[in-house]
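The values are calculated or read from the model by the stated rules, or taken from the named source; none is laboratory data. Because the structure is a prediction, the values reported are computed rather than measured. Here Cβ is always computed from backbone atoms with ideal geometry, including for glycine, and neighbour counts include all displayed protein chains.
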Ligand code: AMP
Ligand code: GLY
């Protein structure tokens with residue numbers, strides 16, 4: 001069995017290492033991969049956004065499966081193109097991927113199907129948006145670019161001035177390009193945030209173990225928003241009762257809505273939830289595995305990922321046993337100084353063995369490259385040091401214990417991953 005994974009982050013590395021454990025013993029390829037992934041898969045220098053290039057390569061190499069992981073190739077229809085070429089895929093088709101790639105689509109769907117989400121208005125005209133915020137009496141207010149914006153298209157405006165500046169940046173200066181030609185302005189919600197990734201085969205939804213991301217760059221949730229600086233699983237705020245409520249009010253209604261709209265979802269659907277005083281609300285959907293949520297979730301997944309892919313492809317997810325290990329897992333991201341703004345690349349990473357690993361933990365590589373046998377930094381988020389324990393304390397101690405021994409110039413990491421859980 002040959003499986004091609006698309007992407008180059010820590011999330012992809014975690015998926016590849018899970019696929020390697022499969023009883024099907026697949027040969028694994030990755031486009032384009034990174035320095036650390038090269039120890040676990042054959043990396044092929046084809047860009048993750050090159051739909052034609054990936055289809056051609058997958059056909060030539062007779063891939064049995066292509067696992068399309070990042071948002072942009074999914075939004076560009078890579079799954080549709082591979083299926084047309086007769087290749088099995090994991091991931092949603094373009095129309096279903098719009099649940100992430102268009103906030104206007106997902107907000108309108110939630111409104112139509114009564115799925116709890118922040119109250120909102122949509123604007124295509126910056127003047128009307130300005131007039132609207134002018135009339136508001138309560139702040140903060142949340143401004144979101146419609147399209148994909150590398151996770152940065154959300155502005156929490158503390159007052160009218162910030163709201164106006166935000167609208168100007170997104171709609172007139174187009175800091176997120178065409179993603180900002182429409183915006184959503186929505187109510188500010190409060191409460192603990194939970195990430196729930198779920199396997200979906202079109203009709204059946206199987207939530208994975210819950211997790212908690214840490215989006216800000218610095219301790220105490222200070223600093224700029226990033227792609228995610230660390231995760232823990234399970235998320236202690238996500239109790240059995242909350243899970244039941246989410247299944248009834250959010251998960252099942254979402255799957256039904258996507259079917260009714262003629263966009264059946266298959267793959268991994270990411271529910272970004274906020275547990276508000278009024279119950280669980282949807283903050284966002286992603287049409288894919290989250291990064292770095294995947295690192296902690298895969299660490300606990302006890303079932304064969306290839307069997308799950310098969311079950312989804314055959315619409316038999318309801319009959320596929322899926323289980324998670326007891327205990328907890330934690331992932332601490334080591335990042336390049338300056339991230340999420342400018343940072344340098346090419347610094348030598350010290351402390352890893354020849355496979356880019358460290359004993360007792362899983363080191364998932366994000367921004368690394370391998371040169372003359374040395375691992376070098378090659379991105380903002382560099383490594384996700386991930387550990388499992390009988391409880392969260394043990395998982396965190398193991399992860400932080402390893403992080404102390406892995407270094408590069410200007411490396412930084414948050415010291416309070418999981419602190420809110422105690
Ligand atoms: P998103 O890119 O949609 O995940 O948003 C990034 C972050 O902004 C979320 O993780 C939340 O912390 C915050 N956020 C987004 N929408 C809201 C909202 N309506 N109320 C409060 N915080 C929000
Ligand atoms: N960790 C958030 C995301 O993957 O979008």
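General observations
For every residue, the table says whether it meets (1) within 20 Å of residue 102 (Cα to Cα); (2) buried (at least 20 other Cβ atoms within 10 Å of the Cβ).
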| residue | (1), (2) |
| --- | --- |
| 146 | yes, yes |
| 152 | yes, no |
| 160 | no, no |
| 171 | yes, yes |
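- Failed item, numbered, when residue 257 is tested on (1) within 16 Å of ligand 1 (Cβ to nearest atom); (2) in contact (Cβ under 8 Å) with a residue 40 or more places away in the chain: (1)
- Screening the range 168-223 for residues that are on the phi > 0 side of the Ramachandran plot and assigned to a loop (DSSP other than H, G, I, E, B) and picking the one that is farthest from ligand 1 (Cβ to nearest atom) gives 202.
- Test for residue 376: is it at pLDDT 95 or above and either over 13 Å from residue 330 (Cα atoms) or assigned to a loop (DSSP other than H, G, I, E, B) (or both): yes
- Just so you know, in the range 250-306 the residues that are assigned to a strand (DSSP E or B) and on the phi > 0 side of the Ramachandran plot include one that is farthest from ligand 2 (Cβ to nearest atom), and it is 279.
- Residue check: residue 278 meets all listed conditions (1) within 16 Å of ligand 1 (Cβ to nearest atom); (2) over 22 Å from residue 80 (Cβ atoms); (3) buried (at least 21 other Cβ atoms within 10 Å of the Cβ) but one, namely (3).
- Within the range 173-184, being surrounded by fewer than 19 Cβ atoms within 10 Å (Cβ to Cβ) and in contact with a helix residue (DSSP H, G or I) (Cβ under 9 Å, 6 or more places away or on another chain) holds for 173, 174, 175, 181.
- Yes/no for residue 95 being surrounded by fewer than 18 Cβ atoms within 10 Å (Cβ to Cβ), under 23 Å from the mean Cα position of the chain (by Cα), more than 16 Å from ligand 1 (Cβ to nearest atom) and over 24 Å from residue 370 (Cα atoms): yes
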